[in-house]
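The values are calculated or read from the model by the stated rules, or taken from the named source; none is laboratory data. All figures in this text were calculated on a predicted structure; none of them were measured in a lab. Note: ideal-geometry Cβ built from the backbone for every residue, glycine included; neighbour counts use all protein chains shown. Heavy atoms of the whole protein, side chains included, go into the accessibility calculation; ligands, DNA and RNA do not. Shrake-Rupley method; radii C 1.70, N 1.55, O 1.52, S 1.80 Å.
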Amino acid sequence: SEEKLYDFKKEHGILSVALDDRNNMLRSEMQLYNDELARVKTEQQAAAARYSVLSAAATDVSKLPAKELLDSQVLQSLRSSYLDAIREREALMSSGKGANHPDVLAAASRAARTKKSLLQEVRNIKAATQSELRVLGRRAGGIKSLYEDAKKRALELNELEIEYRLNPGDGAFYG
């Protein structure tokens, strides 16, 4: 009767929600965790690809990815200054000034300084991307843990449902 149903629910920590409803709630919770985990893994893959490209650009300015240039005003400015200094040096050399001419040396020095700054900024972005990868890894691990906890609760609920359906008392929970 109602008293047996109440005792069963109390003994097994079941709220006043039908077993099917609890199963549906757990399935929904697991689906949310699964969807979020897929989203985080996608972000993780994008960050890993960005990190890989930045690693290649860490020593060669020409390998600087366009996306990073578009996303960073600092990189755009430094790259523009670097290219301007290179063009100025080449123009001076083409006009007949030698490699040791003060104007050529000044342009070469400016190119070297901006290249150094540019590569430092790439390293900064690379380090930030590496940090982002660590955070995404921790988030994925936390979501996996939540998913596994929900899965465990769903399995326990299924076991309780089987137990009760095998011993339905007055038939309050038969399927």
Is it true that some residue in the range 63-78 is at pLDDT 75 or above, in a loop (DSSP other than H, G, I, E, B) and of a type outside the set (Val, Ile, Thr)?
-> yes
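Let's see how each residue does on (1) of a type in the set (Lys, Arg); (2) more than 28 Å from ALA47 (Cβ to Cβ); (3) within 28 Å of the chain's Cα centre (by Cα):
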{"position": "LEU64", "(1), (2), (3)": "no, no, yes"}
{"position": "LEU75", "(1), (2), (3)": "no, no, yes"}
{"position": "ARG79", "(1), (2), (3)": "yes, no, yes"}
{"position": "ALA112", "(1), (2), (3)": "no, yes, no"}
{"position": "LYS115", "(1), (2), (3)": "yes, no, no"}
{"position": "GLN130", "(1), (2), (3)": "no, no, yes"}
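Residues are listed down the side, and each one gets a yes or a no for (1) touching a Lys or Arg at 6+ places or on another chain (Cβ under 9 Å); (2) more than 27 Å from MET30 (Cβ to Cβ); (3) at pLDDT below 95:
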| residue | (1), (2), (3) |
| --- | --- |
| LEU92 | no, yes, no |
| LYS116 | no, yes, yes |
| GLN120 | no, yes, yes |
| GLU159 | no, no, yes |
Report yes if LYS9 is at pLDDT 70 or above and either more than 23 Å from ALA112 (Cα to Cα) or surrounded by fewer than 15 Cβ atoms within 10 Å (Cβ to Cβ) (or both), otherwise no.
-> no
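Just to verify a result, which residue in the range 128-161, among those that are of a type outside the set (Gly, Ala, Ser) and exposed (fewer than 13 other Cβ atoms within 10 Å of the Cβ), is nearest to SER72 (Cα to Cα)? Before the answer, list the steps.
Initially, the range 128-161 is screened for residues of a type outside the set (Gly, Ala, Ser), giving 129-130, 132-136, 138-139, 143-144, 146-149, 151-153, 155-161.
Of the ones still in play, those that are also exposed (fewer than 13 other Cβ atoms within 10 Å of the Cβ) are 134, 138, 148, 152, 155, 159.
Details: ARG134: 22, ARG138: 26, GLU148: 39, LYS152: 45, LEU155: 49, GLU159: 55 Å.
Among those residues, the one meeting the criterion is ARG134.
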With the checklist (1) modelled with pLDDT under 95; (2) closer than 23 Å to MET25 by Cα in hand, flag the one item GLU148 doesn't pass.
-> (1)
Name the pairs whose Cβ atoms lie under 9 Å apart, with the first residue in the range 46-74 and over 20 Å from LYS116 (Cα atoms) and open to solvent by 30 Å² or more (accessible area, probe 1.4 Å), the second modelled with pLDDT under 85 and part of a loop (DSSP other than H, G, I, E, B), and 6 or more positions between them or separate chains?
-> ARG50/PRO65
How many residues does the range 75-102 hold that are farther than 25 Å from THR59 by Cβ and loosely packed, with under 14 Cβ neighbours inside 10 Å?
-> 7
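I'd like the full set of residues that are among the basic types (Lys, Arg) and assigned to a helix (DSSP H, G or I), limited to the range 86-125. If you could, list the steps in order and put the result at the bottom.
Here is the first cut: in the range 86-125, the ones among the basic types (Lys, Arg) are 87, 89, 97, 110, 113, 115-116, 123.
Across the range 86-125, the qualifying residues are ARG87, ARG89, ARG110, ARG113, LYS115, LYS116, ARG123.
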Only one of these conditions is not met by TYR174: (1) within 26 Å of ARG27 (Cβ to Cβ); (2) modelled with pLDDT of 90 or more; (3) not acidic (Asp, Glu). Which number is it?
-> (2)
